[in-house]
Amino acid sequence: MLSIHARQVLAKAVLPILILLAVGLVLLGLVRRPSVDGVRLMATDFMAPAYHGLVWPQERVKVWLTDLRGATDLAKENARLRDENRALRHWYDVAVALAAENGRLKKSLHWIPETVPQYVTGRVTRDDGGPYSRAVLLDVGSGHDVRIGDVALDAAGLLGRVTEVGPHTVRVLMINDDASRIPVTLGSSHGDAIMAGDDTASPRLIFYPQDHHPVEGERVETRGQSTMPAGLPVGTVHYSAPNRPVVVPDADLDRLDIVRVFDYGDDDSQAPDAPGRVRVKKLPQNPLTGPLPFSWLPNLPDMPGRGGQ
Amino acid sequence: MVAENSTPHLHSAVEPKQTFRRALDMAARAAMPSLFIVFSAILLSAPFGIPGQAQLQFGIAMCTVWFWAYSRPRSMPALAVFLCGLVVEIFSFGPPGTVLLSLLVIYGVAHHWRYGLSRLGFIAGWLIFSVFAALASFFQWALVCLHAVALLSPAPGLFQAALTIGIYPSLTALFVWGRRTFANPDQA
């Protein structure tokens with residue numbers, strides 16, 4: 001049994017010890033962030049069923065509200081849907097014609113078909129951003145084959161990339177996170193740029209060619225690089241201020257529900273070894289100090305830059 | 001008078017008999033503030049899509065620790081603050097350790113000044129809390145900047161500080177009521 005004095009000393013030492021432990025955790029977070037995030041991912045994995053239970057009432061209420069809103073405005077909604085259906089039927093015909101033409105052209109060009117990427121579909125378990133980051137956790141079930149760097153898309157466009165992988169859950173860093181840098185191509189000007197997230201709804205465009213500024217409203221697509229394939233829709237260019245082009249994402253980053261994670265592989269774009277490359281012979285140290293071996297040639301004028309004066 | 005002896009009429013010579021059920025009831029009432037932090041941290045990590053959920057996690061934890069550390073330290077010992085901080089850390093994705101360290105520092109301040117704070121009025125206590133909430137948010141922002149090696153916008157930190165300061169009065173009203181009723185171990 002401890003004495004009263006010892007107990008008093010112990011009681012006074014508890015808080016400083018705990019503060020030291022907290023400082024240790026801060027330092028661990030700065031040095032080994034992935035290990036801390038791994039623990040957080042495990043906790044989320046464990047809590048995933050509870051999260052589904054927690055948001056279930058909210059989802060039901062949303063469905064009821066949508067039904068209610070639809071029921072109150074049936075005639076107008078019907079008319080709108082009929083118009084939309086007509087427009088979609090037109091676009092369907094255009095798409096079928098274009099697909100047939102595309103197939104013919106590819107056949108005549110002996111186009112090598114691209115590999116179909118593997119994908120898994122997951123529901124957003126939780127918004128995992130915090131004040132300074134934009135990320136979501138996806139419940140992709142057990143037995144998935146998702147790898148770090150895989151590409152996440154919603155129904156409309158690019159969403160982000162996978163940064164951590166757990167047994168049931170994966171973490172996707174969204175394109176508007178401050179740490180996100182995605183190489184993109186601009187649709188009409190064909191310039192390359194980097195799309196940099198800045199924690200706002202619209203990521204910025206940086207490092208674009210100074211003689212080809214992005215054009216307001218032009219399409220932005222991904223540029224093929226390692227696991228990121230070319231041509232994925234990202235969004236459209238918008239100038240939020242003069243000389244400040246941003247991308248308005250196609251994906252609805254605020255209301256995410258179902259997300260697909262694609263594995264495009266990372267070893268397809270490796271350049272082959274250059275065949276026939278020969279080693280360059282080393283030149284002698286001072287090849288031009290002696291007299292030229294071609295004595296039969298007439299005197300050549302001094303070459304510019306040879307210091308003949 | 002120290003605020004934790006807020007129910008002097010119950011400190012009579014005739015105490016209720018100490019049974020297992022009563023001990024359990026007392027422990028549950030004493031653990032109420034810690035359980036409040038833990039449950040709100042878990043609840044606010046669910047994908048409800050409420051704006052400022054993550055900031056609210058931090059704000060609720062800060063307000064709870066501050067209030068109970070000065071008004072009834074027996075219900076909020078340092079070890080409980082540490083464990084609650086760890087739970088908040090696990091269920092948030094901010095820079096690791098910052099919430100935990102902020103909670104411990106604010107606990108230390110409130111616990112050290114508890115006699116003075118009990119004598120101060122609500123507004124003065126709120127102002128002092130506001131300073132520390134702003135400092136904690138600034139500290140978090142500085143660490144994120146250090147980690148990203150870039151000067152990030154301080155707007156999310158300011159929003160977090162404003163939200164923390166803003167929810168303090170309503171949470172205090174809840175806690176004052178709880179201190180008298182459901183979180184009062186003397187009423188077990």
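The values are calculated or read from the model by the stated rules, or taken from the named source; none is laboratory data. Nothing here was measured: the structure is a model prediction, and the numbers come from that model. Here the Cβ is made from the backbone with ideal geometry for all residues, glycine too, and neighbour counts use every protein chain on show.
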Of the numbered conditions (1) more than 30 Å from residue A:47 (Cβ to Cβ); (2) polar (S, T, N, Q); (3) at pLDDT below 90; (4) in a helix (DSSP H, G or I), residue B:153 fails exactly one; give the number of that condition. (4)
Could you list all residues from region B:34-76 that are facing another protein chain (nearest Cβ under 8 Å), surrounded by fewer than 20 Cβ atoms within 10 Å (Cβ to Cβ) and closer than 22 Å to residue A:25 by Cα? B:42
Answer from A:45, A:73, A:37, A:67 - the residue that is of a type outside the set (Val, Ile, Thr), within 27 Å of the chain's Cα centre (by Cα) and more than 11 Å from chain B (Cβ to nearest Cβ): A:45
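Looking at residue A:58, is it polar (S, T, N, Q) and within 14 Å of another protein chain (Cβ to nearest Cβ)?
Taking the combined requirement at face value, the residue satisfies it.
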Mind counting the residues in region A:1-33 that are exposed (fewer than 13 other Cβ atoms within 10 Å of the Cβ), modelled with pLDDT under 90 and closer than 19 Å to residue B:98 by Cα? 2
Scanning for something in the same structural domain as residue A:234 (by TED's automatic domain parsing), under 26 Å from residue A:185 (Cβ atoms) and either out of contact with any Asp or Glu (no Cβ under 8 Å at 6 or more places or on another chain) or touching a residue at least 60 places away in the same chain (Cβ under 8 Å) (or both), does region A:97-104 turn up at least one residue? no
Among residues of region B:111-125 being buried (at least 17 other Cβ atoms within 10 Å of the Cβ) and of a type outside the set (A, V, I, L, M), the residue nearest to residue B:99 (Cα to Cα) is B:111
I'd like to verify a number: residues in region A:9-34 that are facing chain B (nearest Cβ under 7 Å) and either over 23 Å from residue B:93 (Cβ atoms) or not in a helix (DSSP H, G or I) (or both), how many? 2
Looking at (1) without any contact (Cβ under 8 Å) to a residue 24 or more places away in the chain; (2) part of a helix (DSSP H, G or I), which is the one condition that is false for residue B:126? (1)
Members of region B:165-188 that are in contact with a Ser or Thr (Cβ under 7 Å, 6 or more places away or on another chain) and either within 14 Å of chain A (Cβ to nearest Cβ) or outside any helix (DSSP H, G or I) (or both): B:183, B:184
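In the list B:103, B:86, which residue meets the criterion of being out of contact with any Leu (no Cβ under 6 Å at 6 or more places or on another chain) and buried (at least 24 other Cβ atoms within 10 Å of the Cβ)? Spell out how you get there, then give the answer.
Details: B:86 fails: buried (at least 24 other Cβ atoms within 10 Å of the Cβ).
After ruling out the rest, the residue left standing is B:103.
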If we ask which residues in region A:142-154 are closer than 26 Å to residue A:201 by Cβ and at pLDDT below 85, their number turns out to be 0
So which pairs qualify, if the first residue must be in region B:26-39 and in contact (Cβ under 8 Å) with a residue 40 or more places away in the chain, the second must be assigned to a helix (DSSP H, G or I) and of a type outside the set (A, V, I, L, M, F, W, C), the Cβ gap must be under 6 Å, and the two must be at least 6 apart or on different chains? B:26/B:185; B:29/B:185; B:30/B:75; B:30/B:185; B:33/B:64; B:33/B:75; B:37/B:64
For region B:136-175, name all the residues that are without any contact (Cβ under 8 Å) to a residue 12 or more places away in the chain and under 30 Å from residue B:16 (Cβ atoms). B:173, B:174
I'd like to know if region A:90-99 contains one or more residues that are within 11 Å of chain B (Cβ to nearest Cβ), among the aliphatic types (A, V, I, L, M) and at negative phi. no
